[in-house]
Amino acid sequence: MKYYLVLIFMTLTLSVWGTSCSDDAPIPETGQQIPPGSTDDDDPPVNPGNDDDDDDDNPMSNNLKITVGSASFTATLENNAAATAFKALLPMTINMSELNGNEKYFYLSGNLPTASSNPGTIRTGDLMLYGGSCLVLFYETFSTSYSYTRLGRVNNPSGLASALGSGSVTVTFELQ
């Protein structure tokens with residue numbers, strides 16, 4: 001009898017656990033206060049009176065700093081599952097390889113979530129994911145027939161091409 005009760009309890013526990021954290025279901029409001037400084041994607045910041053623009057302690061920041069040698073660029077990450085998974089890998093310093101005179105790429109050790117689509121035109125400063133694990137930073141604008149998952153975009157890509165140069169280059173990605 002004890003065995004059956006334990007088995008029923010474990011089954012119920014796993015059923016609740018498996019359905020309560022689904023990515024495709026919204027989290028119901030419980031009336032609980034969100035901690036100061038936290039945000040909900042659909043709601044304004046809980047702490048709107050705080051004009052402190054210091055996002056260093058906010059793990060959900062979408063502000064990215066890209067450093068190539070002595071040059072730094074700021075980028076804004078997308079609000080998607082791939083960008084969220086990418087943020088979890090940061091900070092990272094990687095050696096990106098050259099391809100086609102318009103992009104630098106690096107294969108991550110694992111796959112990120114994808115939502116690939118063909119952008120039609122790649123723009124200078126686009127940060128994309130090709131397949132599930134190939135991180136690509138584009139430094140030239142051109143038309144493409146390939147599909148990518150957008151991670152983000154360099155806010156002001158002026159000087160990006162010259163900073164990246166030709167050949168392999170060491171690039172650091174970190175949240176701001």
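Coordinate-derived values only; no laboratory data. This structure is a prediction, so every number in the text was calculated from the model and none was measured. Using ideal geometry, Cβ is built from the backbone for each residue, glycine included, and neighbour counts are taken over all protein chains shown.
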### Message
In whole Hz and in residue order, list the ³J(HN,Hα) couplings for the stretch 163-176 that follow from phi through the Karplus curve 6.51 cos²θ - 1.76 cosθ + 1.60, θ = phi - 60°; x for Gly and Pro.
### Response
5, 6, x, 10, x, 6, 8, 8, 10, 10, 10, 8, 6, 9
### Summary
Here the stretch 138-154 yields Karplus 3J(HN,Hα) values (6.51, -1.76, 1.60; θ = phi - 60°; whole Hz; Gly and Pro given as x) of 8, 10, 9, 8, 6, 7, 9, 10, 7, 9, 9, 9, 6, 9, x, 8, 5
### Task
Determine the dipole magnitude for the stretch 63-175: charges of +1 sit on the beta-carbon of Lys and Arg, -1 on that of Asp and Glu, nothing else is charged, the reference point is the Cα centre, and the result goes in debye to the nearest 20.
160 debye
## Note on the structure
With residue 163 itself left out, Lys, Arg at +1 and Asp, Glu at -1 over residues whose Cβ is under 15 Å from its Cβ give -1
## Note on the structure
Once amide hydrogens are built 1.01 Å from N within the peptide plane, the residues lying 5 or more places from residue 126 or on another chain with amide H under 5 Å from its amide H are 138, 154
### Query
In nm, what is the difference between 0.36 nm times the number of residues separating residue 88 and residue 172 and their Cα-Cα distance?
28.8 nm
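Is the C-alpha gyration tensor of the stretch 63-175 telling us rounded, prolate or oblate? Criteria: a/c under 1.5 is rounded; beyond that, a/b larger than b/c is prolate, otherwise oblate.
rounded
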